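Here the structure is laid out as structure tokens; the discussion comes afterwards.
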Amino acid sequence: MEFTALGYRHPDVRKLCDEVQQIYVDRYGDPDETPVDEADFDPPTGLFLVVYEEGRALACGGWRIGSYDEPGHDTGDAELKRMYVRPEARGRGLARAVLAELEQRARDAGQRRMILETGARQQEAIALYRSCGYADIPRFGFYKDSPLSVCLAKPLG
């Protein structure tokens, strides 16, 4: 397994993100409309990783530093975005490995906490995050008023 940091504009990143957006369409009826600036994932204020195996992109995920004006959030928060594992690579621990790598790299960049927003119809993702030490926090972001929004956080200390 090879972790490669790529820009959000890279063709492999775009392909994987298009695939995860299709999952959102299948489960919720629409893609994720959270505003994402491609530059959000450029170091040092973010990072986007792709997992390659034998030259094939199998999984991805990124984090970005947000400018949160919501209670309970600060500049020490890194927001997890676009975690995805292709169907043929699931069940091999790739999501857990990507998450751990992103946490470590955010910690190395000085971030103190990883936060995320996911949807209630993504029970496998919620189970992964909870098993990795993530706990509920107040809803935030684009979907904070949606009853399907689930927001979680984990200290990176």
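Which one is surrounded by the fewest Cβ atoms within 10 Å (Cβ to Cβ), of the residues in segment 1-26 that are of a type in the set (D, E, K, R) and not in a helix (DSSP H, G or I)?
Here is the first cut: in segment 1-26, the residues of a type in the set (D, E, K, R) are 2, 9, 12, 14-15, 18-19, 26.
Subsequent filtering for residues that are not in a helix (DSSP H, G or I) retains 2, 9.
On the way: E2: 10, R9: 12.
Applying the filter and picking the extreme gives E2.
A count restricted to segment 66-107 and to residues that are touching a helix residue (DSSP H, G or I) at 6+ places or on another chain (Cβ under 8 Å), assigned to a loop (DSSP other than H, G, I, E, B) and either at pLDDT below 95 or not charged (D, E, K, R) (or both) stands at 0.
Within segment 114-130, is even one residue hydrophobic (A, V, I, L, M, F, W, C), more than 21 Å from E33 (Cα to Cα), in contact (Cβ under 8 Å) with a residue 60 or more places away in the chain and surrounded by 15 or more Cβ atoms within 10 Å (Cβ to Cβ)? No - not one qualifying residue is present in segment 114-130. Every condition in (1) outside any helix (DSSP H, G or I); (2) under 21 Å from G133 (Cβ atoms) holds for T34 except the one numbered (2). As for segment 137-151, it holds at least one residue that is of a type in the set (A, V, I, L, M) and in a loop (DSSP other than H, G, I, E, B).
Given the criteria in contact with a strand residue (DSSP E or B) (Cβ under 9 Å, 6 or more places away or on another chain), touching a residue at least 12 places away in the same chain (Cβ under 8 Å) and among the acidic types (D, E), does D37 qualify?
Working: in contact with a strand residue (DSSP E or B) (Cβ under 9 Å, 6 or more places away or on another chain): yes; touching a residue at least 12 places away in the same chain (Cβ under 8 Å): no; among the acidic types (D, E): yes.
So D37 does not fit the description; no.
Can you name the residue in segment 131-154 that is of a type outside the set (A, V, I, L, M, F, W, C) and surrounded by fewer than 12 Cβ atoms within 10 Å (Cβ to Cβ) and, of all such residues, is nearest to Y24 (Cα to Cα)?
Residues of segment 131-154 of a type outside the set (A, V, I, L, M, F, W, C): 131, 133-134, 136, 138-139, 141, 143-147, 149, 154.
From the residues that got through so far, the ones that are surrounded by fewer than 12 Cβ atoms within 10 Å (Cβ to Cβ) too are 131, 136, 138, 145, 147.
Details: S131: 22, D136: 21, P138: 22, D145: 18, P147: 16 Å.
For segment 131-154, the residue satisfying everything is P147.
Return a yes/no flag: does segment 44-54 have any residue that is assigned to a loop (DSSP other than H, G, I, E, B), touching a strand residue (DSSP E or B) at 6+ places or on another chain (Cβ under 6 Å), β-branched (V, I, T) and within 25 Å of R9 (Cα to Cα). Walk me through it before giving the result.
Taking segment 44-54 and keeping what is assigned to a loop (DSSP other than H, G, I, E, B), we get 44-45, 54.
If we keep only those that are touching a strand residue (DSSP E or B) at 6+ places or on another chain (Cβ under 6 Å) as well, we get 45.
Pick out the ones that are also β-branched (V, I, T) and you get 45.
With the extra rule that they be within 25 Å of R9 (Cα to Cα), the set shrinks to 45.
Yes, the conditions are met somewhere in segment 44-54.
Out of M83, M114, one residue alone is aliphatic (A, V, I, L, M) and in contact with a Lys or Arg (Cβ under 6 Å, 6 or more places away or on another chain). It is M114.
Might you let me know whether segment 33-41 holds any residue that is under 15 Å from L152 (Cβ atoms) and surrounded by fewer than 16 Cβ atoms within 10 Å (Cβ to Cβ)? Checked against the condition, which is being under 15 Å from L152 (Cβ atoms) and surrounded by fewer than 16 Cβ atoms within 10 Å (Cβ to Cβ), segment 33-41 yields no hits at all.
For segment 87-109, check the following and say yes or no: at least one residue is hydrophobic (A, V, I, L, M, F, W, C), surrounded by fewer than 14 Cβ atoms within 10 Å (Cβ to Cβ) and more than 30 Å from R56 (Cα to Cα).
Just the residues of segment 87-109 that are hydrophobic (A, V, I, L, M, F, W, C), to begin with: 89, 94-95, 97-100, 102, 106, 109.
In the following step, the residues that additionally are surrounded by fewer than 14 Cβ atoms within 10 Å (Cβ to Cβ) were identified as 100.
Narrowing further to those that are more than 30 Å from R56 (Cα to Cα): none.
Scanning segment 87-109 turns up no residue that is hydrophobic (A, V, I, L, M, F, W, C), surrounded by fewer than 14 Cβ atoms within 10 Å (Cβ to Cβ) and more than 30 Å from R56 (Cα to Cα).
The values are calculated or read from the model by the stated rules, or taken from the named source; none is laboratory data. Values in this document were obtained by computation on a predicted structure and should not be read as measured data. Cβ coordinates were reconstructed from backbone atoms using ideal geometry, including for glycine residues, and neighbour counts include every protein chain displayed.
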